[in-house]
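Read the figures in this text as sums done on the coordinates, not as results from a lab. Quick caveat, the model's predicted, so the values are computed rather than measured. Positions of Cβ are backbone-derived with ideal geometry, glycine not excepted, and every protein chain shown enters the neighbour counts.
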Amino acid sequence: MLSRRSVLRALGGGAALGALAGCGVPAAYVAPGDRAAADRSARDRRLTWANWPLYIDTDDSGRKRPTLEAFERRTGIAVDYVEEINDNDEFFGKISPALMNHQPTDRDLIVISDWMCARFVRLGWVQEMDRARQPNVTRYLDPLLRSPAFDPGRRFTVPWQSGITGIAYNRRELGREIRHVSDLWASDLKGRVTLLSGLDEAFALLMQGDGVDITRWTADDFHRMCDQVEKRVKGGHIRRFTGNDYIKDLFSRDVLACQAYSGDVIQLQADDPDIEFVVPEEGAELWSESLMIPNLAAHKTNAERLVDHYYDPDVAAELAAWVNYVCPVPAAQDVLASAKDEETAALAEDPLIFPDTAMRRRLAIARDIAAEERVEFARRWNGIVGL
């Protein structure tokens, strides 16, 4: 299974974009009046949608996508669904030359992580959506996700799926609970802890463990966090830094506690009920991977209708039951609860799909790393991680 959360590699595409935007290169930014193409939706009833692998419901054969095919039947709009996004930076490198040079990408809808969405929004590479065509989004989008710092009011982005970066651990092997980020640094976990290697994936939870409000963190907060991580790397407490391969370390018990994504842990728990996921008392990061319409998309209206289709609670429930990430449509919980199948109905009570009130109070969306900060911060973090 390919990771849907990228690893920021050295000073690769993400850092290069930060430098580009930070230098204010005129060719990179696209003004609002230059973003739209003539919309062919009415006469050309189709659209192209780029997404990550294994990120939509399929039937038992793996060939059909029930929720997507329902949209095609209802609207008569044909969807070319392409599973081509394996890494945020890689995909940025694929489509940025077209966007930078004001050329079409041949895609009407894309899904990337919000920290990367922030850069697209800053550069003016995506179009504002028409909420008049999206009544479901207006009505049902989770209030926690409605107004991130990079896109107030979600004018340019709509969450596809959401998730939590928290802590996973083997309770039986460890013999105690983990409730705080600081619990990772207990002496009995020396050499048995992993952290995520991606800067954008790792930093927020570690700052929260230090009492930082991640909606308004500062450079001093960042460097203090790095100092602490660097000390624990040198002392041998942190075993290594990982992408999604923390899953095999945790499953094999080589690692007893790690930074982890909520959606992965649901799958792990099916095979090993001793694995638990915790949102620390200090809080955890709520993240999203979001739908966007890139500049010069030829089928903008069709794309907006497809986005709204997935905010129908019945559709959102069907998707949530398959992907097991945090559902951005809380109203889907009641739909799942009423399912005749007991296993499906039980998903409505899973706090990693529908966080309960107590958990929601501890979730926050981190402010993104600004363009002018990225090169410096990436260099510091990657030096610690060894990228």
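Overview of values
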| quantity | calculated |
| --- | --- |
| Percent RCO, i.e. relative contact order, over segment 152-279, from Cα pairs under 8 Å lying at least 6 residues apart | 45 percent |
| Three-way shape call for segment 280-387 based on the alpha-carbon gyration tensor, with the a/c threshold at 1.5 | oblate |
| Tensor-based shape of segment 56-167 (alpha-carbon gyration tensor, a/c under 1.5 rounded, otherwise prolate or oblate) | rounded |
| Under-23-angstrom lysine pairs by C-alpha in the chain, whenever the two are 8 or more apart or on separate chains | 5 |
| Expected 222 nm ellipticity per residue - DSSP helices of 4 or more, -39500 (n - 2.57), all of the chain, to 500 | -11000 deg cm²/dmol |
| Segment 245-317: relative contact order in percent, alpha carbon pairs under 8 Å with at least 6 residues between | 15 percent |
| Ranked by how many other beta carbons lie within 10 Å on average, peptides 184-195, 85-96 from highest | 85-96, 184-195 |
| Protection proxy ranking, peptides 243-251, 61-69, average beta carbon neighbours within 10 Å, highest first | 243-251, 61-69 |
| Under 5 Å, built H, 5+ apart or other chain: amide partners of Ile167 | Ala260, Val278 |
| Whole-number percent relative contact order across the chain, with pairs defined as alpha carbons under 8 Å at least 6 apart | 29 percent |
| Residue order, fewest to most surrounding Cβ atoms within 10 angstrom, among His309, His223, His180 | His223, His180, His309 |
| Most mobile listed residue (Val233, Val329, Val137) in the chain, GNM with C-alpha springs under 10 Å | Val233 |
| The chain: C-alpha gyration tensor shape, a/c 1.5 cut-off, then a/b vs b/c | oblate |
